[in-house]
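**Student:** Got a structure for you, written out below as structure tokens; questions coming shortly.
The values are calculated or read from the model by the stated rules, or taken from the named source; none is laboratory data. Since the structure is predicted, the reported quantities are computational estimates derived from the model, not experimental observations. Please note: Cβ atoms are built from the backbone with ideal geometry, for glycine as well, and neighbour counts cover all protein chains shown. The protein model used for the area step is the full one, side chains on, heavy atoms only, and it has no ligands, DNA or RNA in it. Shrake-Rupley method; radii C 1.70, N 1.55, O 1.52, S 1.80 Å.
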Amino acid sequence: MHNRVAKAHFVGVAGSLRKASYSSAVLSSLRDHAAEMATLEILDLRLPLYSEDDDGAATPEAVRDFRQAIGASDGVVIVTPEYNHGIPGVLKNALDWASRPFGRSVLIGKPVLAMSVSPAFTGGVRAHAQVNETLLAIQARIVPGPQVVIGSVAEKIRDGILVDESCQRFALAALDRLIKISGSLEGSLPA
Ligand SMILES: Cc1cc2nc3c(=O)[nH]c(=O)nc-3n(C[C@H](O)[C@H](O)[C@H](O)COP(=O)(O)O)c2cc1C
């Protein structure tokens, strides 16, 4: 039973720039599976490297667009790999840009759902903890609930699509929590 108020609009980022990225594959699969209940616009993390000198009147256009897209959304979905037990630099860089101006970040109070992936059985759990720590500092609204940590991800993706059904259900349930928190829908999965 869909109790629809309005279709939610989310933005998504994958913490990897790799063409055949598993993180991107998970993100685009979620976008496709959730298409009926939400739109998920995938943003590019190819932003300039953060410098406070460039943040202000001279903020790069790509950063302005990035912030604007987050601001206009009902929430954010992050799917990240783990690099050296932490979050990849491209993701941290983007979050640092989005965290400013201090006290007026578009992420303050914004519902954010983070997921991590890894070909290892550990599923990027350390990166997951780290991204939540950063989101806490930014005062984003972290979606609570069971952590979506996708281990052995290479075996769960075929031709760029997340094909593991139980994993898919688990991730979509988390997306459903994001939808509920964002207030766009009262619920989308059957009660
Ligand atoms: C620089 C670097 C560091 C990595 N460190 C870790 C790590 O700490 N833990 C882990 O599970 N995998 C690690 N990996 C393997 C990644 O999980 C793997 O390459 C993954 O596929 C990257 O995500 P993607 O498929 O979205 O590009 C690392 C990979 C790279 C390139």
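**Student:** Measure off, as a whole percent, the carbon and sulfur share of the 1.4 Å-probe accessible area of segment 8-182, all protein chains present.
**Tutor:** On segment 8-182, the fraction of accessible area on carbon and sulfur atoms equals 52 percent.
**Student:** Please report the spacing between the Cα centers of segment 98-176 and segment 1-56 in Å, no decimals.
**Tutor:** With segment 98-176 and segment 1-56 each reduced to a Cα centre, they are spaced 11 Å.
**Student:** Taking segment 1-92, which GluC sites (Glu not before Pro) meet the DSSP loop condition and have no more than 10 other C-beta atoms within 10 Å?
**Tutor:** Those that pass, being in a loop and sparsely packed, are Glu36.
**Student:** Here is a follow-up. Taking all pairs of distinct Cα atoms, average 1/r, flip it, and tell me the Kirkwood hydrodynamic radius of segment 125-172 in Å to one decimal place. Mind showing how you got there, number by number?
**Tutor:** Working: mean 1/r = 0.0809 Å⁻¹.
About 12.4 Å, per the Kirkwood formula over Cα pairs.
**Student:** Let me ask you something else. Given a Förster distance of 25 angstrom, what is the FRET efficiency for Ile108 paired with Leu17, based on the Cβ-Cβ distance and rounded to 0.05?
**Tutor:** For R0 = 25 Å, the calculated efficiency reads 0.40.
**Student:** Taking only protein heavy atoms into account and a 1.4 Å probe, give the accessible area per residue of segment 8-182 in Å².
**Tutor:** The answer is 47 Å² per residue.
**Student:** Right, something else. Between Ile161 and Ala57, what is the FRET efficiency for a Förster distance of 41 Å, r being their Cβ-Cβ separation, to the nearest 0.05? Walk me through the intermediate numbers first.
**Tutor:** Details: r = 43 Å, r/R0 = 1.06.
Once the sixth-power term is evaluated, E becomes 0.40.
**Student:** In addition: Counting only pairs 8 or more places apart or on different chains, how many lysine pairs in the chain have C-alpha atoms closer than 22 Å?
**Tutor:** Within the chain, the lysine pair count is 6.
**Student:** Between Asn84 and His9, what length comes free when the chain is fully extended (0.36 nm per residue of separation minus the Cα-Cα distance, one decimal in nm)?
**Tutor:** Extra length from Asn84 to His9 when fully extended: 23.8 nm.
**Student:** Run the numbers for Asp44 and Arg169: contour at 0.36 nm per residue of separation, minus the present Cα-Cα distance, in nm.
**Tutor:** Additional length available on full extension: 42.4 nm.
**Student:** Computed from the mean reciprocal separation of all distinct C-alpha pairs, what Kirkwood hydrodynamic radius does the chain have, in Å?
**Tutor:** Its Kirkwood hydrodynamic radius stands at 16.6 Å.
**Student:** In nm, to one decimal, how far is the Ala35 label point from the Ala137 one, both placed 7 Å along Cα→Cβ?
**Tutor:** Each label point is offset 7 Å from its Cα along the Cβ direction, giving 3.8 nm.
**Student:** Continuing with this model, one more query. Could you give me D for segment 1-110, from Stokes-Einstein at 20 °C and 1.002 mPa s, where the hydrodynamic radius is the Kirkwood radius over C-alpha pairs? Units µm² s⁻¹, please.
**Tutor:** The estimated diffusion coefficient comes to 144 µm²/s.
**Student:** If contacts are Cα pairs under 8 angstrom and at least 6 residues apart, what is the relative contact order of segment 8-182 in percent?
**Tutor:** Relative contact order for segment 8-182 comes out at 25 percent.
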